[in-house]
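Engineer: Dumping the structure here so I can ask a few things about it.
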Amino acid sequence: MSSVSQNFMKLFRGSSGPETIPAQGSQKLTRRSSGLGELSRLWESAEDLCILDLGSTSPANIRHFTEGGHRIYSEDLLTASTDPELLTKDEQGSIVLDSRKFLADNLVYPAARFDVVLCWNLPDYLDESLVKPVVGRLWSVLKPGGMLLAFFHTRDAGPDSPCHRFHIVGGDTLEMQKIVLRREARRGPTGAVHTAISDGFQLQRVFNNRHIENLFHDFASIKFFLARDNIREVLVVR
Amino acid sequence: MSAPASGLAQIGKSVFIKGELSGSEDLYLDGQVEGSIALKGNSLTVGPNGQVKASVEAKGVVVQGKLEGNIQASDRVELRKSAVVTGDIITQRISIEEGAYLKGKVDIHRTDK
């Protein structure tokens with residue numbers, strides 16, 4: 001996997017922060033999700049649940065939950081992790097992200113607030129220095145018995161697996177849309193306007209089952225669903 | 001981007017206001033406001049250049065620019081594709097365009113007619 005810090009610096013050298021947009025004309029792929037199916041039984045039978053969606057702002061997801069009578073919180077942690085002010089140096093002088101500052105600005109909620117947290121593919125694409133602190137914070141903001149859904153790539157998916165955003169279209173069905181990062185347009189030295197379009201977030205690592213179990217070791221239970229598209233869905237209960 | 005209609009109260013993009021803003025007419029805001037905005041019974045539109053750091057209370061709210069603060073709209077909230085909103089939204093109805101950014105809660109409170 002490419003160094004996150006190297007990619008991060010490449011992305012930010014001489015420019016303002018990137019804007020996350022769906023790829024122009026990107027195809028929306030549909031996939032069935034066993035984990036989502038299990039969660040949907042919960043929110044279709046309960047009222048006034050508190051749900052945290054950690055993916056890109058999704059009008060579809062917001063509509064889905066508000067029409068179901070629930071409250072939804074939207075917080076795009078991947079985009080938040082690209083804030084240049086997070087860059088710092090560790091004891092070895094390597095560039096890392098400041099997890100304390102990240103958690104001071106993000107996921108700031110009272111304890112035991114949420115019934116459901118939708119992580120989607122966040123752990124696969126989030127910088128190494130943020131993964132464990134974020135999971136620790138998510139444990140604390142979940143209600144006892146609350147559930148968290150996350151997707152992990154298997155090794156067969158390959159290191160260039162694109163990062164997608166997820167839209168709930170109903171029941172156990174998701175629409176996936178590839179994320180493209182775009183820097184704001186800048187005028188170059190010749191006066192021409194350049195808008196750099198780069199690929200989306202890079203896959204940071206591949207978790208195996210043991211890594212996933214370690215990551216969620218503070219949770220009460222964990223369930224795995226293996227899908228045909230080289231995605232391992234994980235449903236954990238606090 | 002929709003331009004403000006004529007006859008609408010406007011705050012242009014060079015204007016900066018700090019304090020409590022209230023009124024009994026619709027407002028198009030394309031400048032900077034810090035504080036609070038109260039337009040009960042009327043609509044607020046934050047234009048594409050608008051930068052608002054304020055709590056907002058209005059009948060309808062349309063956001064094309066940046067808004068940092070909670071929104072309470074008795075009727076409807078619209079986030080256009082260029083909207084960047086950080087704060088909680090309480091309203092009866094909401095419309096969010098693809099591309100809009102929201103960090104916060106959406107809570108729908110429908111009133112019986």
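Engineer: Buried (at least 21 other Cβ atoms within 10 Å of the Cβ) and on the phi < 0 side of the Ramachandran plot: which single residue out of A:Gly146, A:Gly136 fits that description?
Structural biologist: When all the criteria are applied, what remains is A:Gly146.
Engineer: If you don't mind, there's one more thing I want to ask. Could you count how many residues in segment A:68-97 are under 18 Å from B:Glu98 (Cβ atoms) and either in a helix (DSSP H, G or I) or of a type in the set (Ser, Thr, Tyr) (or both)?
Structural biologist: Total meeting the criteria: 3.
Engineer: Go through segment A:101-150 and report how many residues are in contact (Cβ under 8 Å) with a residue 12 or more places away in the chain and part of a loop (DSSP other than H, G, I, E, B).
Structural biologist: Going through segment A:101-150 one residue at a time, the tally reaches 10.
Engineer: Quickly run through segment B:32-46 and pick out the residues that are over 19 Å from B:Asp75 (Cα atoms) and buried (at least 19 other Cβ atoms within 10 Å of the Cβ).
Structural biologist: Within segment B:32-46, B:Gln32, B:Val33 meet the criteria.
Engineer: If you check every pair at least six apart or on different chains, which have Cβ atoms under 9 Å apart with a residue in segment A:74-91 that is away from every other protein chain (no Cβ under 14 Å) first and a residue that is surrounded by fewer than 16 Cβ atoms within 10 Å (Cβ to Cβ) and hydroxyl-bearing (Ser, Thr, Tyr) second?
Structural biologist: A:Pro84/A:Ser16
Engineer: Let me ask another. Does A:Leu107 satisfy the criteria of being within 11 Å of chain B (Cβ to nearest Cβ), surrounded by 18 or more Cβ atoms within 10 Å (Cβ to Cβ) and under 19 Å from the mean Cα position of the chain (by Cα)?
Structural biologist: Judged against the criteria, A:Leu107 is a match.
Engineer: With segment B:24-113 as the region, which strands (runs of 3 or more DSSP E) entirely inside it contain at least 2 residues that are at pLDDT 95 or above and among the small types (Gly, Ala, Ser)?
Structural biologist: The strands (runs of 3 or more DSSP E) meeting that bar are B:32-46, B:51-63, B:71-79.
Engineer: Among the candidates A:Arg228, A:Arg210, single out the residue that is of a type in the set (Lys, Arg), farther than 26 Å from A:Thr82 by Cβ and at pLDDT 90 or above.
Structural biologist: Matching residue, one of A:Arg228, A:Arg210: A:Arg210.
Engineer: Now, a different point. Note down all Cβ pairs under 9 Å where the first residue falls in segment B:21-49 and is in contact (Cβ under 8 Å) with a residue 40 or more places away in the chain, the second is small (Gly, Ala, Ser) and surrounded by fewer than 21 Cβ atoms within 10 Å (Cβ to Cβ), and they're at least six residues apart or on different chains.
Structural biologist: Note: pairs meeting the criteria are B:Thr45/B:Ser2; B:Thr45/B:Gly60; B:Gly47/B:Ser2; B:Gly47/B:Ala3; B:Gly47/B:Gly31; B:Pro48/B:Ser82.
Engineer: If you don't mind, another one. Among (1) in contact (Cβ under 8 Å) with a residue 60 or more places away in the chain; (2) farther than 24 Å from B:Asp88 by Cα; (3) buried (at least 19 other Cβ atoms within 10 Å of the Cβ), there is one condition A:Thr154 misses while meeting the rest; what is its number?
Structural biologist: Every condition holds for A:Thr154 apart from (3).
Engineer: Further question on the same structure: Counting just the residues of segment A:92-104 that are surrounded by 13 or more Cβ atoms within 10 Å (Cβ to Cβ) and within 21 Å of the chain's Cα centre (by Cα), which one comes out farthest from the other protein chains (Cβ to nearest Cβ)?
Structural biologist: A:Val96
Engineer: Which condition breaks for B:Leu79 when tested against (1) over 25 Å from A:Ser81 (Cα atoms); (2) surrounded by 24 or more Cβ atoms within 10 Å (Cβ to Cβ); (3) aliphatic (A, V, I, L, M)?
Structural biologist: Against the list (1) over 25 Å from A:Ser81 (Cα atoms); (2) surrounded by 24 or more Cβ atoms within 10 Å (Cβ to Cβ); (3) aliphatic (A, V, I, L, M), B:Leu79 comes up short only on (1).
Engineer: Okay, next question. With the requirement that a residue be more than 9 Å from chain B (Cβ to nearest Cβ) and of a type in the set (A, V, I, L, M, F, W, C), what does segment A:44-59 give you?
Structural biologist: A:Ala46, A:Leu49, A:Ile51, A:Leu52, A:Leu54
The values are calculated or read from the model by the stated rules, or taken from the named source; none is laboratory data. On a predicted model such as this, the values are computed, not experimentally measured, just so you know. Positions of Cβ are generated from backbone atoms using ideal geometry, with glycine treated the same way; all protein chains shown enter the neighbour counts.
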